[in-house]
Structures are given as structure tokens and as C-alpha cells.
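Enquirer: So that we are looking at the same thing, I have put the structure below in C-alpha cells.
The values are calculated or read from the model by the stated rules, or taken from the named source; none is laboratory data. Since this is a predicted model, take the numbers as computed values, not measurements. Positions of Cβ are generated from backbone atoms using ideal geometry, with glycine treated the same way; all protein chains shown enter the neighbour counts.
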Amino acid sequence: MKNAIHSFACLSLLMGVMFTSCVSNKKFLASEARADKLQKENANSVNQLIDCNLQVKNLKDTKASLQNENASVENDLKTLATESKMTIADQAKRLKSLQNIIQSQKDVMNNLKNSIAAALLNYKADELSVYIKDGNVYVSLEEKLLFKSGSDVVNPQGKEALKSLARVLNSTKDVTVNIEGHTDNVPIATKSFQDNWDLSTARATSIVRILAKDYDVDPNRIIASGRGQFHPVKTNDTAEGRAGNRRTEIILSPDLNELYKLLYQ
């Protein structure tokens, strides 16, 4: 009986130790898992803190950059304000001067157009026309008034027209004279001219020589250019249209030096 009691007591003690050991092991594992979780959370917190510090640094850098840019703009504005000596009254005075110059040039060109139209009054509308375009006076001379077909030699009637024009030009000094030759689109190839461009340039040059050498127009004022068939004013599909495109344009432009001086002073 005593042996039985002793055996039961030993068994109970062993089971108690084993139960205690199991409970302790579970607590240890739970603690270990919790510690691992806390380490991970701590690592995440550290990374977030690093990101926040970087964002704060970037914001500080951006703020400093904006402050520098604002300071630069303020300095530029101060410099402009210091350099600008024009008051509102000065600006109004300058604008009035510009308006006066522009109006004066309009008056000069209108008077020039009227003078040329009067000087060439005896010529027919299908021989020449005088008009204002883009602030310039255009004298458009038809081919039949100046040249034979395919020729750059000005005929006597054309010379008389140029003589009348030259009288007006010599009485109006501050005007640039641009002579432009034009043709239709029918190809030309002769011993004298390779193409329409060649012919149009030769015709413009012939007129320049007559104005400068025969009628004393200042050659420093004259420009010769040939534009061939590339700037038609009428269709090239009809004989009448092609005849209108075979022309010489004398373009008279005002002297803009006074205007440029006022604009860029």
C-alpha cells in the first residue's frame, strides 16, 4: 500500500513538472514572437523617421531656392526701376512723337502717290497703275509699256514713262526705290536668258540704269531684283492673266531711320 502511494506521488510530481515546463515553454515562445514583432515595428518606425527627415530637408532646400529666386526677381525689378528714367509723362510724349512720325510718313506717301498718278496721267489703266499697299507706293508697269516679248530693252514709250516718274522721285528724297521684275509661268530659254528669273532680273536692271544714268535718280536709293514667275497677281491659266503677270513693279518705301531712332533710343 505504501509503495502504491509513493508511486502515485512520484507520478503526480512528474506530471506537475512536465505541465509547468510546457507552460513556461509556451510563454517563452510567445515572448520571443512578441519581441520579434517589436523589432520589426521598430525598424519600420526608424525607416519612416528617416523618410520624414529627408522630406523636411527637401522642403528646407526648396524654401531656400524659392527665397533666392524671389530675391533675384526683386533685384531685377529694382535694377529695372533704377535704370528706367522714363516717367508716365515721358512715355506719353514718346508715343505722341511716334504717332506724329507715322502720320507724317503716311502724308508723304499719299502725296507721293498723288504726284506720280498726276505725272503718269496720260497712260492707260492697262499700261500702268499706281496704288498704296502696306505703307508703300506701288507703280506697276505692264510689259507692253516697257518691253517687247522676251526682251530686256526698254522701248521709247517706256523711257518716257520712266522720265516722268524720275522727275517726281528727284523731288522726293527720303524714299527707297525697289525695282522688281515679274514674268508669267511660260518657260523661256534663249541665248540671252536661261529662264524667267534671268529675264525678270535683267529687265529690273535695265530700268535701274535708265533711272540712274539717264534721269539722275540717286543710285544709292535704287535696288534691282528679279522675282520671275513666283509672285503672280493674276491667274496664269488665261492669256489675259499671263499678260497681267508680265510686269515691272517700282516700289517706293519711306525712310524709317527717324522712326527706328525713336523706337530704340
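Enquirer: So Asp184 passes all but one of these: (1) at pLDDT below 95; (2) surrounded by 14 or more Cβ atoms within 10 Å (Cβ to Cβ). Which condition number does it fail?
Expert: Asp184 satisfies every listed condition except (1).
Enquirer: Now a separate question. In the set Lys60, Lys96, which member is modelled with pLDDT under 85, outside the structural domain of Asn196 (by TED's automatic domain parsing) and part of a helix (DSSP H, G or I)?
Expert: Selected residue: Lys60, the only one of Lys60, Lys96 that is modelled with pLDDT under 85, outside the structural domain of Asn196 (by TED's automatic domain parsing) and part of a helix (DSSP H, G or I).
Enquirer: Next up: Residue pairs, Cβ under 6 Å, 6 or more apart or interchain, first in the stretch 203-224 and in the same structural domain as Val177 (by TED's automatic domain parsing) and closer than 20 Å to Thr172 by Cβ, second polar (S, T, N, Q) and part of a helix (DSSP H, G or I). List them.
Expert: Qualifying pairs under 6 Å: Ala224/Thr205.
Enquirer: Checking Arg167 against (1) within 36 Å of the chain's Cα centre (by Cα); (2) under 16 Å from Val137 (Cα atoms); (3) assigned to a helix (DSSP H, G or I), only one condition comes out false. Which one?
Expert: Every condition holds for Arg167 apart from (1).
Enquirer: Only one residue in Asp134, Asp126, Asp152, Asp107 is at pLDDT below 95 and more than 33 Å from the chain's Cα centre (by Cα). Which one?
Expert: Asp126
Enquirer: So which residues in the stretch 195-236 are over 13 Å from Leu162 (Cβ atoms), β-branched (Val, Ile, Thr) and out of contact with any strand residue (DSSP E or B) (no Cβ under 8 Å at 6 or more places or on another chain), if there are any at all?
Expert: Our first condition is that a residue be over 13 Å from Leu162 (Cβ atoms); within the stretch 195-236, this holds for 195-202, 205, 218-221, 223-236.
Next, only the ones that are β-branched (Val, Ile, Thr) stay: 201, 205, 223, 233, 235.
Listed by number, the list holds a single entry, Thr235.
Enquirer: Please enumerate the residues belonging to the stretch 183-224 that are part of a helix (DSSP H, G or I) and within 33 Å of the chain's Cα centre (by Cα).
Expert: Within the stretch 183-224, the subset part of a helix (DSSP H, G or I) is 196-214, 219-221.
Matches in the stretch 183-224: Asn196, Trp197, Asp198, Ser200, Thr201, Ala204, Asn220, Arg221.
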